[in-house]
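Q: Once you've had a glance at the structure underneath, I'll fire off some questions.
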Amino acid sequence: DDMSPELEQMILLGYRDSDKSINPYINFGLATEFTLVGIGAPIHVYLPDVAKGLNTACIIEEHAAVANAVGAITGSISVEERIVIQPRYTMAGAEVFDCFSSRVKMNFDSYKEAVKWAKEEAKDIAEQLARARGAGEWDISIQVDENYTHINVIDSQGSESDQDAQSTRELLLETLVTARAVGGIKWI
């Protein structure tokens, strides 16, 4: 409805007069160099006329009538948010856990609190993304992956002994908390 009546009339005349044999002196026609490709059940009814009006070609494949229906049936929305938790180590061990989401950075003194916050934050962001992309309803899955490394620790007692005690310890490098929202498109 943003078109003026004059512009609308010109477009209608251009479509009606797209065949140059009607008026060889004035041409208000619209044209494109692109080939139109049609899908959907009624496409064969109107696309050839639209292509003719635009002075271009059209392609309608054999199964074009059901191509759009297949997409509608299988269409779904899938989004994810990943939050990284990284421990900050001192000689005493991990003292602070830095959490990075797509919208904020947080710090926690407790690993358990960091993971709890990351799960809630990831879920909230994934739901917002799903809603923004048109999902009507969705399922959320949350996955927590802890990445460790093993380090060799030599425990020297300060004695004259040539045999220092050696052990292997696990060291948390990072934790990835991923929330995935998968749902169907909200059709109205």
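The values are calculated or read from the model by the stated rules, or taken from the named source; none is laboratory data. Note that this is a predicted model, so its numbers are computed, not measured. Every residue, glycine as well, gets a Cβ built from its backbone with ideal geometry; the counts of neighbours run over all protein chains shown. Ligands, DNA and RNA are excluded from the accessible area calculation, which covers all protein heavy atoms including side chains. Shrake-Rupley method; radii C 1.70, N 1.55, O 1.52, S 1.80 Å.
Q: Counting only the heavy atoms of the protein chains, how much of D145 is accessible to a 1.4 Å probe, in Å² to the nearest 10?
A: 60
Q: Further question on the same structure: For the pair L13 and M91, how long in nm is the line joining their label points, each one 7 Å along Cα→Cβ?
A: In this crude spin-label approximation the distance works out to 9.0 nm.
Q: Using a Förster radius of 35 Å, what is the FRET efficiency between S4 and T35 based on their Cβ-Cβ separation? Nearest 0.05, please. Intermediate results must be reported in sequence, preceding the final value.
A: Working: r = 30 Å, r/R0 = 0.87.
Result of the calculation: an efficiency of 0.70.
Q: Select from the stretch 34-122 those GluC sites (Glu not before Pro) which occupy a DSSP coil region and have at most 11 other Cβ atoms within 10 Å, ordered by residue number.
A: In loop regions of the stretch 34-122 (DSSP not H, G, I, E or B), the sparsely surrounded GluC sites (Glu not before Pro) are E61, E62.
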